[in-house]
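Quick notes on the structure that follows.
The values are calculated or read from the model by the stated rules, or taken from the named source; none is laboratory data. Bear in mind that the values here come from a model prediction, so they are computed numbers and not experimental data. Methodologically, a virtual Cβ is constructed for each residue, glycine included, from the backbone with ideal geometry; neighbour enumeration extends over all protein chains shown. Each accessible area value is taken on the protein alone, full model and side chains, heavy atoms only, with ligands, DNA and RNA left out. Shrake-Rupley method; radii C 1.70, N 1.55, O 1.52, S 1.80 Å.
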Amino acid sequence: ERVRAMFYHAYEHYLESAFPYDELRPLTCDGQDTWGSFSLTLIDALDTLLILGNVSEFQRVVNVLQEGVDFDIDVNASVFETNIRVVGGLLSAHLLSRKAGVEVEAGWPCSGPLLRMAEEAARKLLPAFQTPTGMPYGTVNLLHGVNPGETPVTCTAGIGTFIVEFATLSHLTGDPVFEDVARKALKALWKNRSDIGLVGNHIDVITAKWVAQDAGIGAGVDSYFEYLVKGAILLQDKELMSMFLEYNKAIKNYTKFDDWYLWVQMYKGTVSMPVFQSLEAYWPGLQSLIGDVDNAMRTFLNYYTVWKQFGGLPEFYNIPQGYTVDKREGYPLRPELIESAMYLYRATRDPTLLELGRDAVESIEKISKVDCGFATIKDLRDHRLDNRMESFFLAETIKYLYLLFDPDNFIHNDGSDFEVVVTPYGECVLNAGGYVFNTEAHPIDPAALHCCRKRREEQWEVEDLMREFYSRKKTKKFTLKRAPDHGEGENAKDSEGASSEKAGEKRNSKKSSHSLLSCPSQSFNSKLAVLGQVFLDNT
């Protein structure tokens, strides 16, 4: 209840004082545009509303966004931030719409206004990927594409953090371009890793030369590793998982010391910065996703000692000195440690993790709460505040805190509860759990990726199977011709005829108790995706 109250204190003041700007400025009770001009906090907070159970406000905001958000604007936007916050937020809200009682279109989840908005935003980002290496520029103008003088230097995370949103878009819309560019970028980073298996912090996307050669798990690299694991789970993709496991070995070999992770030179493995960054606190949660819970807990407890020392995680913490780093003493209400606590609590039920959650609620309320919301902590040593409330406070920090304390939330569904949705491509199962959070904590339902078999060859496969099935039942052969569009043609009529002839027989047959299109043939491990399970060879 306290977390819920925190959410509404921040959310209502955003609506009152800052909307339609991107973010609330809580000390002056006004708003500012930061990452574009998208009413960003509203998009970022949308799925949190549903997780808190507020369906009426969810429905209202969906209507507001459809009417008010325009991506045809002359704004230079971060490709990375627009993807994780805007595209991710809209996709998640689109997939949760029906659960929130929104009247969805006939073709949902393969169509819908929020999906069209997500696709429009993502298309605005595509020009950034038109480089010799396939690695994207960091910034794009939403109206004109990449500016002529744009710097070709992008951070590793800004290249490798697209597969979750872009693959989801490709599967829902049937347009492979999104997943293709995301995969190409991921593979380009993999190809350019050092001989000892590490990647640096910033790379030139034209020449593929590393500009910043610090290797670690924190800022500038973090969500690349996260998306290899989450992409592998979402897409049941062994190649992505094996890439991560190779990196994981190198990270353990060169950067791990006493359950802390340092920064090292990517070619030599020598320590360059003995620093813990607050952004690294996602790592124990990621380790729990691949089943490495013991190591995850040990690292988590190290990070928790820093939290207890300051009442928050400073952006940089000098490990040997045990204190903050100059000009990096702030805590902008980041979610990463709470995110790891949420994952680890699901895995272990260790009450220490709930204590971290309680400490977070206490500190944020005590230090950061002001009349108009919650303010970034500028300095954890003297609790000075900054006039900013980042949109991730409502998208991530509050959401992970709430989910830590709400074991019965629909997000934690173990597959025992689900709904069957009829789409133009047959039936599919949705809301069975196993949600994959993007790096802005927007949950994607992995089962939805199997709902919209728009790719032509997949459609043909299903049609061919149907025709073969009916031709066998009729015990007469007929030649399969490729129908001009959507299987409309003589053969399609044939199979329709067969279907009505045999309808009575089908109802009586135990073997055919489901609609023929209900389950496109899938490999065993992709069926397991419904429960969100990942099985590695060594388990």
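Packing here is the average count of other Cβ atoms within 10 Å per residue, and on that basis the peptides 388-398, 260-270, 132-142, highest first, run 388-398, 132-142, 260-270. Using a cutoff of 8 angstrom between alpha carbon atoms and counting only pairs six or more residues apart, the relative contact order for the range 280-412 works out to 25 percent. The separation of the range 321-354 from the range 60-125, counted between C-alpha centres, amounts to 30 Å.
Rolling a 1.4 angstrom probe over the range 101-218 with all protein chains present gives an accessible area of which 52% lies on carbon and sulfur atoms.
By the rule of a C-alpha distance below 16 Å, with chain neighbours fewer than 8 residues away ignored, the aspartates and glutamates paired with residue 209 are 195. Sequence-ordered 3J(HN,Hα) estimates for the range 58-70 from the Karplus curve with 6.51, -1.76 and 1.60 and θ = phi - 60° stand at 4, 4, 4, 5, 4, 5, 4, 5, 4, 7, x, 9, 10 Hz, glycine and proline given as x.
In the context of the full set of protein chains, the range 30-139 has a per residue accessible area of 32 Å² (1.4 Å probe). Rolling a 1.4 Å probe over the protein heavy atoms gives the range 280-412 an accessible area of 36 Å² per residue. If you plug the beta carbon distance of residue 126 and residue 106 into 1/(1 + (r/R0)^6) with R0 = 22 Å, you get a FRET efficiency near 0.20. Summing Lys and Arg as +1 and Asp and Glu as -1 over all other residues whose Cβ lies under 10 Å from the Cβ of residue 324 gives a net charge of -1.
Relative protection proxy for 152-162, 374-384, from highest mean packing down: 152-162, 374-384 (other beta-carbon atoms within 10 angstrom). With a cut-off of 15 Å between beta carbons, the residues surrounding residue 151 carry a summed charge of -1, where Lys and Arg count +1 and Asp and Glu -1.
Cross-link check: pairs 184/252; 230/256; 369/399; 191/256; 238/399; 308/378 evaluated at a Cα-Cα cut-off of 20 Å; pairs beyond the cut-off: 184/252; 230/256; 191/256; 238/399. Among 340-351, 40-51, 210-221, sorting by the average number of other beta carbon atoms lying within 10 angstrom of each residue, highest first, gives 40-51, 210-221, 340-351.
Surface composition of the range 280-412: carbon and sulfur make up 45 percent of the accessible area, probe 1.4 Å. Scan around residue 30 for amide H atoms under 5 Å from its own, H built in the peptide plane at 1.01 Å from N, and keep only partners 5 or more places away or cross-chain. The list, which skips near neighbours in sequence, is 25. Couplings 3J(HN,Hα) for the range 263-279, derived from phi with the Karplus relation 6.51 cos²θ - 1.76 cosθ + 1.60 (θ = phi - 60°), are 9, 10, 6, 5, 8, 9, x, 7, 5, 10, 8, x, 10, 9, 9, 4, 5 Hz, where x marks Gly and Pro.
Counted by Cβ distance under 15 Å from residue 52, the other residues give a net charge of -3, where Lys and Arg count +1 and Asp and Glu count -1.
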